[in-house]
Every structure is written in structure tokens, then in C-alpha cells.
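What follows is a set of notes on a single structure, which appears directly below.
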Amino acid sequence: MSYKYKTELHCHTKHVSRCAGHDAEGIVEMYLAAGYTSIVITEHLAAGTFVNMQDKSLEEQMEHFVQGYRKVKEAAKGRLNVLMGAEVNFAGTLSTDYLIYGLEEEFYHRCPDIYTQSKYWTASLVRNNGGVFIQAHPFRTNCAVTEEFVLDGIEVWNGHPFQKNHNRIAREFAKDYPNYILTSGGDHHDDNMYP
């Protein structure tokens, strides 16, 4: 089967996400070789992202946060459509993460405190600015499924090879929520995680 568009919706770079080891150039070349047309850079947006920047302002932290997206966009040189996204985690929620799609870099500069708020506040802010708020890997070990009214959808398939994502459960769960947006992403972190 041939697809006109092939998009990665969940990708981290070593430039921002401390758990990632793949740089912008390597990511671009790998996804181009696999026939992708688009990629969404979803760096981790959480207190842990800025552990070495505690003395910096929220604005300075957000300038750091957008670096992975900028580097991938620059490395792509127009050969790959590179979009801004985020994977936000709120204090005290273990591995319960949320993907933000549909917002430009300017939003993150204008709202640098979104990761310091609650999922309720952030979901509302994202929606009011034209974005969508998706729960990432909702059935991964240590995650808690979020209330329906908070979400626009869920990630029903997460490709991280070293996590117990329980994708089958996520797909079955989604059948009860026909209005949800359903997403799928590689959760790319390292060069041994192929698209």
C-alpha cells in the first residue's frame, strides 16, 4: 500500500529531551529514508527538562525547549515538513503525559508556564488557542487514564520498544469514545528506534 503522506507524530531529540540520544540530522535522514513526509517534534515539556536551568526564567527555559524543533527544521532544509508539538507532564503525575498538537512556536513563548499548571488549565488553554490535547500512551505502566472531558483524544499506538504501552487495550478503550481523535506515534528517542 502506498500513502501520499506519512507522518511521525511523536519524536524527541537529544537537543532538549534528556532521555533522547538522537540528533536533528540523524532524525531527518532516518525519516526521509523511511519515506516520511512530515514529523512532529514533541520534546518533553516538564520540570525534568529544565533540571539544569533552575536559575533561568520561564522565558529562557522555553527558548531552550524550542531548540530541538528549530534544529530539525534547519536540518530538513525543506525536504521534510517539520511541525512543533510537545509532550507535557505535570508535577506528581508519574508517566501520565499529554501530547499537544496544532500550535506554533509562538504559543510556547507566549505561555511558558503551561507545564507548571494543571492538565485542566493547560488543556483549556491549548483548545482556546486552536490546538488539541491528546493523552500519550494512556495504558503504559504508571499512567492514569484521564477524564474524558479533558481530552481531545488518545494515542492508541505508541512504538517505544522498551515500554509496556498496552496498545491493544488503548485501541479497545477508544471504541467507547467515537469522538476522540486517535493518534499513533513512534515515540522516537534514539537512533536504534527505527521509524
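Taking region 1-85, how much of its Cα-Cα pair set, in percent, is spaced more than 23 angstrom apart? Here the tail beyond 23 Å accounts for 24 percent of pairs. Coupling constants for region 163-180 follow from the phi torsions by the Karplus curve (6.51 cos²θ - 1.76 cosθ + 1.60, θ = phi - 60°), and in residue order they are 10, 8, 8, 6, 4, 4, 5, 4, 5, 5, 4, 4, 4, 7, 10, x, 8, 5 Hz; glycine and proline get x. Could you work out what % of the accessible surface of the chain is carbon and sulfur, using a 1.4 angstrom probe and leaving DNA, RNA and ligands out of the count? Of all accessible area on the chain, carbon and sulfur atoms account for 51 percent. Computed from point charges on the beta carbon alone (+1 for Lys and Arg, -1 for Asp and Glu), the dipole magnitude for region 131-192 about its Cα centre is near 220 Debye.
Among the chymotrypsin sites (Phe, Trp or Tyr not before Pro) within region 1-67, those in coil by DSSP and having at most 11 neighbouring Cβ atoms inside 10 Å are TYR3, TYR5. Full extension of the segment from ASN129 to ASP176, taken as 0.36 nm per residue of separation minus the current Cα-Cα distance, would add 14.2 nm. Calculate I(q)/I(0) for the chain by the Debye formula, one identical point scatterer on each C-alpha and no solvent, and give its log10 at q = 0.13, 0.16, 0.17, 0.18 Å⁻¹ to two decimals. After summing over all Cα pairs, the log10 values are -0.66, -1.02, -1.17, -1.31. Pairs exceeding 32 Å between alpha-carbon atoms, taken from LYS4/LYS119; LYS56/LYS164; LYS71/LYS119: LYS4/LYS119; LYS56/LYS164. Largest first, the extents of the alpha carbon coordinates of region 93-160 on the three principal axes equal 33, 22, 21 Å. Near the amide H of LEU83, within less than 5 Å, lie the amide hydrogens of ILE39, VAL40, ILE41, all on another chain or at least 5 residues away, with H placed in the peptide plane. Place +1 on the Cβ of every Lys and Arg and -1 on the Cβ of every Asp and Glu in the chain, take the dipole about the Cα centre, and give the residue among GLY21, ALA174, ASN81 whose Cα lies farthest towards its positive end. It is ALA174.
Treat every Asp and Glu Cβ in the chain as -1 and every Lys and Arg Cβ as +1, leave all other atoms uncharged, and give the resulting dipole magnitude about the Cα centre to the nearest 20 debye.
480
Ranking LYS119, LYS14, LYS175 from most to least accessible surface, computed with a 1.4 Å probe over the protein chains only, gives LYS175, LYS14, LYS119.
For region 8-104, the Cβ-based charge dipole about the Cα centre amounts to some 200 debye (Lys, Arg positive; Asp, Glu negative; other atoms uncharged). Which of LEU125, LEU94, LEU182 moves most in a GNM of the chain, Cα contacts under 10 Å? With Cα springs under 10 Å in the chain, the top fluctuation among LEU125, LEU94, LEU182 is at LEU94. Near the amide H of HIS137, within less than 5 Å, lie the amide hydrogens of GLU155, all on another chain or at least 5 residues away, with H placed in the peptide plane. Rg over Rh for region 78-124 works out to 1.02, using Cα positions for both radii and the Kirkwood form for Rh. Only protein heavy atoms count here; on that basis, with a 1.4 Å probe, GLU29 has an accessible area of about 90 Å². Annotation: amide H-H contacts under 5 Å for THR96 (H modelled 1.01 Å from N, sequence separation of 5 or more, or interchain): ALA144. Remark: region 103-112, residue by residue, has Karplus-estimated 3J(HN,Hα) of 10, 7, 3, 4, 4, 5, 5, 6, 10, x Hz, where x stands for each Gly or Pro and the curve is 6.51 cos²θ - 1.76 cosθ + 1.60 at θ = phi - 60°.
The values are calculated or read from the model by the stated rules, or taken from the named source; none is laboratory data. These numbers were taken from a predicted model, which means no experiment stands behind them. Heads up, the Cβs are rebuilt from the backbone with ideal geometry, glycines too, and the neighbour counts pull from every protein chain shown. The accessibility values were calculated without ligands, DNA or RNA, using every heavy atom of the protein model including side chains. Shrake-Rupley method; radii C 1.70, N 1.55, O 1.52, S 1.80 Å.
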